[in-house]
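Comments concern the structure below.
The values are calculated or read from the model by the stated rules, or taken from the named source; none is laboratory data. Quick caveat, the model's predicted, so the values are computed rather than measured. Note that each Cβ is placed from the backbone with ideal geometry, even for glycine, and that neighbours are counted across all protein chains shown.
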């Protein structure tokens, strides 16, 4: 096994859920740094594997209760902050994931939720 492959195996993958309160102006939330700059930096560091913006107004929740499929519009929990995107991070540890999340422009007024991937 190559040294690069060994280092790669010692990293942790995290789902970073990008949450934003729609009552806060998106331009002000970025604090002067656009998201494209953050993406370029994290892609350059090879800690961001992929990411996408999500349409916060177009969600469907599916539940099965008593054998019946229940479908409703919107997220399961009511919250001020909506999930507006996600990124898959590949970091050395939680400290690096926190550092990466803290640099995201929407972290200044929204929230970045980090969840480690479970083991295969």
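Would you point out the residue of the stretch 12-56, among those that are closer than 18 Å to residue 103 by Cβ and assigned to a loop (DSSP other than H, G, I, E, B), that is modelled with the lowest pLDDT?
30
Return yes when residue 73 is closer than 20 Å to residue 51 by Cβ, touching a strand residue (DSSP E or B) at 6+ places or on another chain (Cβ under 9 Å) and either at pLDDT 95 or above or surrounded by fewer than 12 Cβ atoms within 10 Å (Cβ to Cβ) (or both) and no when it is not.
So residue 73 fails the test.
For residue 101, state whether it is surrounded by fewer than 18 Cβ atoms within 10 Å (Cβ to Cβ) and either touching a strand residue (DSSP E or B) at 6+ places or on another chain (Cβ under 6 Å) or on the phi < 0 side of the Ramachandran plot (or both).
no
So residue 105 ticks every box in (1) under 10 Å from the mean Cα position of the chain (by Cα); (2) within 16 Å of residue 39 (Cβ to Cβ); (3) at pLDDT below 95 but one. Which box is left unticked?
Unmet for residue 105, out of (1) under 10 Å from the mean Cα position of the chain (by Cα); (2) within 16 Å of residue 39 (Cβ to Cβ); (3) at pLDDT below 95: (1).
Scan the stretch 47-60 for residues that are loosely packed, with under 14 Cβ neighbours inside 10 Å and under 12 Å from residue 88 (Cβ atoms) and jot them down.
49, 50, 52
Among the candidates 101, 107, which residue alone is in contact with a helix residue (DSSP H, G or I) (Cβ under 8 Å, 6 or more places away or on another chain) and free of Cβ contacts under 8 Å to residues at least 12 places away in the same chain?
Result of the check over 101, 107: 107.
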